[in-house]
There are 2 protein chains.
Amino acid sequence: MALQNHLSTTISSSSSAFLAPSNLGSSRASNVSVPAKRIGTVRCVAAPHEEKTTYKTKVSRNANIAKLQAGYLFPEIARRKAAHLQKYPDAKVISLGIGDTTEPIPDAITSAMAKRSYALSTLEGYSGYGAEQGEKPLRAAIASTFYRDLGIGEEDIFVSDGAKCDISRLQVVFGSQVTMAVQDPSYPAYVDSSVIMGQTGLYQQDIEKYAKIEYMKCTPENGFFPDLSTVARTDIIFFCSPNNPTGSAATREQLTRLVKFAKDNGSIIVYDSAYAMYMSDDNPQSIFEIPGAKEVALETSSFSKYAGFTGVRLGWTVVPKELLFSDGSPVAKDFSRIVCTCFNGASNISQAGGLACLSPEGLSAMREVIGFYKENTEIIMDTFSSLGFKVYGGKNAPYVWVHFPGRSSWDVFSEILEKTHVVTTPGSGFGPAGEGFVRVSAFGHRNNILEACRRFKQLYK
Amino acid sequence: MALQNHLSTTISSSSSAFLAPSNLGSSRASNVSVPAKRIGTVRCVAAPHEEKTTYKTKVSRNANIAKLQAGYLFPEIARRKAAHLQKYPDAKVISLGIGDTTEPIPDAITSAMAKRSYALSTLEGYSGYGAEQGEKPLRAAIASTFYRDLGIGEEDIFVSDGAKCDISRLQVVFGSQVTMAVQDPSYPAYVDSSVIMGQTGLYQQDIEKYAKIEYMKCTPENGFFPDLSTVARTDIIFFCSPNNPTGSAATREQLTRLVKFAKDNGSIIVYDSAYAMYMSDDNPQSIFEIPGAKEVALETSSFSKYAGFTGVRLGWTVVPKELLFSDGSPVAKDFSRIVCTCFNGASNISQAGGLACLSPEGLSAMREVIGFYKENTEIIMDTFSSLGFKVYGGKNAPYVWVHFPGRSSWDVFSEILEKTHVVTTPGSGFGPAGEGFVRVSAFGHRNNILEACRRFKQLYK
């Protein structure tokens, strides 16, 4: 039984699906969930015949994986949400926690995927293994849509099943000997994949940081851009803009400084631009808008938040041929080798969807969906502002970063959940500098956003 | 220019797409290719403005990746095929090299995928992030279809984007400190992923093996099953049955010995059953048919060769809760953590296809396609047998392993290509014990298989 319990806790340690409704058949995927029993994304039941086993192999558990913290952000939230639903089984819980898209995918895009599906039943339309790096027309369309005039060609684009997956593949390329820096707070996958690859030391409970990772503090005091004069040199610098979770976007001047910093140190920037299309301000949407960036940066991005492809799975990574390791060998060469050995290409149907996304009709449909979520963001920002809170982010990203000075993120999270039945994400879960903040996601149906905001107003009036 | 050339050679180092026709739009994916310029899966052209750069970062190249051999099997074949097409631009080349499926996917399956695509445009049918471990109905269907009465439940099934991808994720779970054994010859991804993770020493040119890997010789002399009394203990044992490339399948008695060997040594078997549905003999189709296997084995498999999903991307891995590391912690727990951190689930559309594959109609359609390829196999076997060759495999797998005693695999490969314009795979590319063999794949349109066999008969009559 102990093992069963152990597994049931840990197998659901999803870093992103924790709040996603079970994705069962055609059951509606809504961000409002009512019955507690539908919440768990993974049900771990005892096997029919429960065989008591004490046999253990002699294979040692990977010490790097053992370093990962059990109190990982998202499972903890899932547990608290589940407990909340047990306590209030009739509560109309609204999830503005995980950044899971909620709006249907525009017809022009799904029709292209349906068409590709049907074609696979024909001799003419059937295709088997494609290039692991992606289909040529899609690579070309990504290059010309997002990197026109930036000197990035289709041969620099590697199509993938998502930015999160590419981040781990990049870590496999880098290996265990590199040092790395992250924005603090930041998307947990950067740190976790680094721990898994053995790049870090142990987790230090007192300061809530892993040893050997350089945490670059991003707070209102520095405009959410790190003070590079205090940042130690590392081999790799993860940098996400517009940022998850703070919602802030780096300016051209800031990114120019970042590129210079990397060049002076001989570092590689892994630039995550998954929210670039949410940009309202005139900031760069790609690191490659900064002169010289191709020699020190690669960039990963995704269709997830643009086209609602969180379930369809499609992203890409740009590795410029100019980016070289210290021995002069191209990073792109090793990334390609890893992609070919550890991956087999994104689904051909998803790739057909991606190509449709980048048609004039698809682009305009995506912009409409993004516009919808941006209206949600404004509603959330206005709500918290009107209640006297300092809010950050929002303008260039679908996340609102609300400041509760002097309070614990987890306390605020619990207060909001307890009193409004709305799930948010405690800022400290993204890193120690997130303490005192709560992230509110703007992904949601409009009526849920409005309802959540009504409840926020009642709570904090 | 040197860099450009370097990249153009290496970026195409695909381990599987090398012979696949470019998967461009709806262009026909056939295993007959004529014009040389359509061969390359990745075209690496000079950037419009060729900027001479000498800047190098200070990031060291991962030493493990540097260990990988440049003379990797598949790019070498691709180069030879390309050279052949330059020499004979009008040759009707037939590719029986890579195991890429060629027959259209049955309607019942593609319709389900099209339906799921369209549904994503509706409020009711939209779904975002699903559980990284896969959708519950698909996990349940895999468990009940392939593991009924074996004590494997849906909670033990992890749906993925393919077995090759899961092999690398498993290596990330195991880490750099484990030792590993592979069948010799074997599918190159096992060895390469091990090298990448740092589990091996350097490649030893003289014996054509990496240091620290235990190569388990599988030849006609031992019935393609290793003499376990001569095999050193390792932490991990990769074992593929029905085997790629030899086409042989292990018997129940042999697998019972393998499981006992693992149990005596405290090893973990990574059992690859991607060709199990091709089995004609009464051999186990899953390692879990062997009593006690759940304590020492996990199993990876795929829809690729059953449903023609090589491009759709869908597979699964079974990690029984009974499988424990030496500290008593479940392997499934760490695999789940890696799946959640390094992966985000298979495409929901592909999963809808997988579920349709396992419906009664889908199963019968898959069996029909498999039956078709098995007829191809017989045609190839009969051809080589009638020419006096010793042929192995074929009966339980879509690969025919033809013996050319005393000859070099590469010489035979070249002879066949030069004189018949048919691409095969030299056995030595799968490991030193493959020397003297050539693998002929049965994936192909019937007319191409018949034409290839006509040419073989002319050559070796």
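Overview of values
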{"quantity": "Odd one out for A:Gly308, checked against (1) over 15 Å from A:Tyr147 (Cα atoms); (2) modelled with pLDDT of 95 or more; (3) over 19 Å from the mean Cα position of the chain (by Cα)", "calculated": "(3)"}
{"quantity": "Selected residue (criterion: nearest to A:Thr246 (Cα to Cα)) from residues of the stretch A:399-427 that are assigned to a helix (DSSP H, G or I) and open to solvent by less than 30 Å² (accessible area, probe 1.4 Å)", "calculated": "A:Gly427"}
{"quantity": "Residues located in the stretch B:108-117, provided they are of a type outside the set (Gly, Ala, Ser) and either more than 15 Å from A:Glu124 (Cβ to Cβ) or more than 7 Å from chain A (Cβ to nearest Cβ) (or both)", "calculated": "B:Ile109, B:Met113, B:Lys115, B:Arg116"}
{"quantity": "Criterion (without any contact (Cβ under 8 Å) to a residue 60 or more places away in the chain and in contact with a His (Cβ under 9 Å, 6 or more places away or on another chain)) met by exactly one of A:Gly436, A:Gly371", "calculated": "A:Gly436"}
{"quantity": "Within the stretch B:99-138, tally of residues that are surrounded by fewer than 24 Cβ atoms within 10 Å (Cβ to Cβ) and not aromatic (Phe, Trp, Tyr)", "calculated": "16"}
{"quantity": "For A:Ala78: the one exception among (1) surrounded by fewer than 19 Cβ atoms within 10 Å (Cβ to Cβ); (2) out of contact with any Pro (no Cβ under 8 Å at 6 or more places or on another chain); (3) in contact (Cβ under 8 Å) with a residue 24 or more places away in the chain; (4) more than 21 Å from A:Ile380 (Cα to Cα)", "calculated": "(1)"}
{"quantity": "Residue list for the stretch A:81-98, restricted to those being buried (at least 18 other Cβ atoms within 10 Å of the Cβ), assigned to a loop (DSSP other than H, G, I, E, B) and more than 8 Å from every other protein chain (Cβ to nearest Cβ)", "calculated": "A:Leu96, A:Gly97"}
{"quantity": "Strands (runs of 3 or more DSSP E) (entirely within the stretch B:297-398) containing at least 1 residues that are in contact with a Ser or Thr (Cβ under 6 Å, 6 or more places away or on another chain) and either open to solvent by less than 10 Å² (accessible area, probe 1.4 Å) or within 20 Å of A:Ile349 (Cβ to Cβ) (or both)", "calculated": "B:297-302, B:315-318"}
{"quantity": "Exclusive hit being among the basic types (Lys, Arg) and at pLDDT below 50, set B:Arg79, B:Arg43", "calculated": "B:Arg43"}
{"quantity": "Residue match in the stretch A:262-279 (condition: surrounded by fewer than 24 Cβ atoms within 10 Å (Cβ to Cβ), of a type in the set (D, E, K, R), at pLDDT 95 or above and more than 23 Å from the chain's Cα centre (by Cα))", "calculated": "yes"}
{"quantity": "Check on A:Glu132, within 7 Å of chain B (Cβ to nearest Cβ) and modelled with pLDDT of 95 or more", "calculated": "no"}
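The values are calculated or read from the model by the stated rules, or taken from the named source; none is laboratory data. Keep in mind it's a predicted model, so treat the numbers as computed, not measured. A quick note on method: Cβ atoms are made from the backbone with ideal geometry, for glycine too, and the neighbour counts reach across all protein chains shown. To get the accessible areas, we keep the full protein, side chains included, count just its heavy atoms, and leave off ligands, DNA and RNA. Shrake-Rupley method; radii C 1.70, N 1.55, O 1.52, S 1.80 Å.
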